[in-house]
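The values are calculated or read from the model by the stated rules, or taken from the named source; none is laboratory data. Predicted model, so just to flag it, every value in this text is computed and none were measured. All Cβ positions, glycine included, derive from the backbone under ideal geometry; neighbour counts span all protein chains shown.
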Amino acid sequence: MTTLEKVNNIIAISNKKPQIVNDFTESINSLESQTKEILLNIFIKAINFNQRLNAGLGKNRLGYDDVRSLIKNYDYLIESYNNGNYTNVKKFVRESRSIVVSEEFVASSFELLPKEMKDSLTGKGGVGDIGKKHQFLGYITKNGEVTSDRNSSEIIDVHRGSAGNKDRGRFVWRCILEQGAIDPYTGLELDLNSIDLEHVIAFDNKDNGEPSIEDYRSREHDDNIIICNTNINQMKNNLSMKSFLDERVIPEKEKSKTEFELIDDLYNIANNLSDLTKEKSNQLICESKIKTIKFDELKEIFEKEDLKIKSIKENARKVVENKRDRSKITSLKSWLGKEIIQSMGLSRGLTHSSGRRTVKLTSDNIYRGYVLSIVDNMDKQELYKQEWENARFIGNTHAKEVGTSGQPAMLEYLKNKNLISDKVLLDAKLNKVWK
């Protein structure tokens, strides 16, 4: 199946108005044959858009291929930036966005994109309050319409305003198409799920003093804008090209591919720890009850979990250079006991003072002690489940009446009901939270 046939199949099952589909089909004929395949492939990738997650440790770090490519392009990027010279930068932008695309194709293909993709594109390139109403949205033509095509003979002025509308979205989409979905800094393929609008001369760069309004308008302009992968944009931030390369890229130069992979693996483990813990807890539960398992076997599972966390922390201290990431990773804790409690259908803790949510108890050893006590009394699981909720009620009531934490009252109730196993109370590590 050809690329065009794939596109036609996508359009055939879409719910778009016939006129939009017709405009797109006609616009394809305006493409030069050598660029048609490139642009249609970009369109297919955009149709499969999946919004990137903003959460997670190390999500914007540079990878091995990023570093190698940036170092390879070092001289070209320095020359193109030329200490923030607008003439050089404009030339770089034009070289980066060299594919000729008709306005008809930009507009019609944009309308066929998923709503999530269009919404993402319209909001690209936030510049804060100072530049909010000066953002580039396209060009105004003689008949009062807006075009993103800088080569139109009908242009009479630049169209500016605040981003967050279709004009901005179509312009960003044009940039992607003109670049052939290639990151101009690295020469690597754009990840359409994780891209940012990049001001080559950063909007808030202060290398030559405080930017004037004219500086802001020159930077928030078609001649200074490309689209690059998010991690590149975030790492460059407001730095000049030389500062970015010398401070953020060159220090990574001596790292081997294996070192990069080890760091990637560590971040992946840290970011997926919660999901892995939930998966493990679910393996121990069947129909809201703990599966048959011995006390010592479950205790060993908890201990192995702690050793895994310890190993992650030790590795982070050795290889993670970002201080904030290192701090977060070294503060990780296992909450397997809590996850088991929740997998049984029980609430994780006490009600927040706002009354709108529950908050977890202060230590996983509380949850572990209770879960191990259940394992030591497997024939009384329903009783233990009910008493957990009774203890929560006692704790919440105490908190309302006294105005302090209800956790001590909750734990005291469970102890007084003789629900905590002697094996837990005699354990040097577990008994600390039950004293």
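Take the conditions more than 22 Å from Q135 (Cα to Cα), modelled with pLDDT of 95 or more and in contact with a helix residue (DSSP H, G or I) (Cβ under 7 Å, 6 or more places away or on another chain) and apply them to F244. Does it pass?
Working: more than 22 Å from Q135 (Cα to Cα): yes; modelled with pLDDT of 95 or more: yes; in contact with a helix residue (DSSP H, G or I) (Cβ under 7 Å, 6 or more places away or on another chain): yes.
The answer is yes for F244.
Considered as a group, the residues in region 277-316 that are of a type in the set (S, T, Y) and either in a helix (DSSP H, G or I) or without any contact (Cβ under 8 Å) to a residue 12 or more places away in the chain (or both) include one that is surrounded by the fewest Cβ atoms within 10 Å (Cβ to Cβ), and that residue is S311. Only one entry of E261, E305 meets the criterion of being of a type outside the set (S, T, Y) and either in contact with a strand residue (DSSP E or B) (Cβ under 7 Å, 6 or more places away or on another chain) or over 28 Å from A428 (Cα atoms) (or both), and that entry is E261.
Answer yes or no as to whether K124 is basic (K, R) and touching a residue at least 60 places away in the same chain (Cβ under 8 Å). Steps first, answer last, please.
Working: basic (K, R): yes; touching a residue at least 60 places away in the same chain (Cβ under 8 Å): yes.
Taking the combined requirement at face value, the residue satisfies it.
For region 19-35, what are the residues that are of a type in the set (D, E) and either surrounded by 14 or more Cβ atoms within 10 Å (Cβ to Cβ) or in a helix (DSSP H, G or I) (or both)? Walk me through it before giving the result.
Pass one, region 19-35, residues of a type in the set (D, E): 23, 26, 32.
Result: D23, E26.
Could you list all residues from region 36-67 that are part of a loop (DSSP other than H, G, I, E, B) and in contact with a Leu (Cβ under 8 Å, 6 or more places away or on another chain)?
Just the residues of region 36-67 that are part of a loop (DSSP other than H, G, I, E, B), to begin with: 48-63.
Those that are part of a loop (DSSP other than H, G, I, E, B) and in contact with a Leu (Cβ under 8 Å, 6 or more places away or on another chain): F49, K59, L62.
Sort through K6, K118, K90, K16 and tell me the only one that's surrounded by 17 or more Cβ atoms within 10 Å (Cβ to Cβ) and more than 29 Å from the chain's Cα centre (by Cα). Step through it out loud before you land on a result.
Working: K6 fails: surrounded by 17 or more Cβ atoms within 10 Å (Cβ to Cβ); K118 fails: more than 29 Å from the chain's Cα centre (by Cα); K16 fails: surrounded by 17 or more Cβ atoms within 10 Å (Cβ to Cβ).
From the options K6, K118, K90, K16, the qualifying one is K90.
Taken over region 332-355, the criterion of being modelled with pLDDT under 90 and either on the phi > 0 side of the Ramachandran plot or among the small types (G, A, S) (or both) is satisfied by S353, S354, G355. Number of residues in region 140-153 that are under 15 Å from G169 (Cβ atoms) and of a type in the set (S, T, Y) equals 2. Each residue in region 184-209 was checked for being assigned to a loop (DSSP other than H, G, I, E, B), farther than 19 Å from F244 by Cα and charged (D, E, K, R), and 1 of them qualify. Here is the figure for region 232-276: residues that are closer than 30 Å to E339 by Cβ, of a type in the set (A, V, I, L, M, F, W, C) and touching a residue at least 12 places away in the same chain (Cβ under 8 Å) total 6. When region 136-179 is filtered for residues that are more than 22 Å from C228 (Cβ to Cβ), under 28 Å from the mean Cα position of the chain (by Cα) and of a type in the set (K, R), only K166 remains.
Going through region 196-220 one residue at a time, which ones are of a type in the set (A, V, I, L, M, F, W, C) and either over 19 Å from Q234 (Cβ atoms) or in contact (Cβ under 8 Å) with a residue 40 or more places away in the chain (or both)? Scanning region 196-220 gives L197, V200, I201, F203, I213.
The number of residues in region 175-210 that are at pLDDT 95 or above and either of a type in the set (F, W, Y) or not assigned by TED's automatic domain parsing to the domain that holds I47 (or both) comes to 1. Hey, does region 257-273 have a residue that's touching an Asp or Glu at 6+ places or on another chain (Cβ under 6 Å) and surrounded by 15 or more Cβ atoms within 10 Å (Cβ to Cβ)? Looking through region 257-273, none of the residues is touching an Asp or Glu at 6+ places or on another chain (Cβ under 6 Å) and surrounded by 15 or more Cβ atoms within 10 Å (Cβ to Cβ). Here the condition is being touching an Asp or Glu at 6+ places or on another chain (Cβ under 9 Å) and in contact (Cβ under 8 Å) with a residue 12 or more places away in the chain; of K385, K417, K360, K432, it holds for K417 alone.
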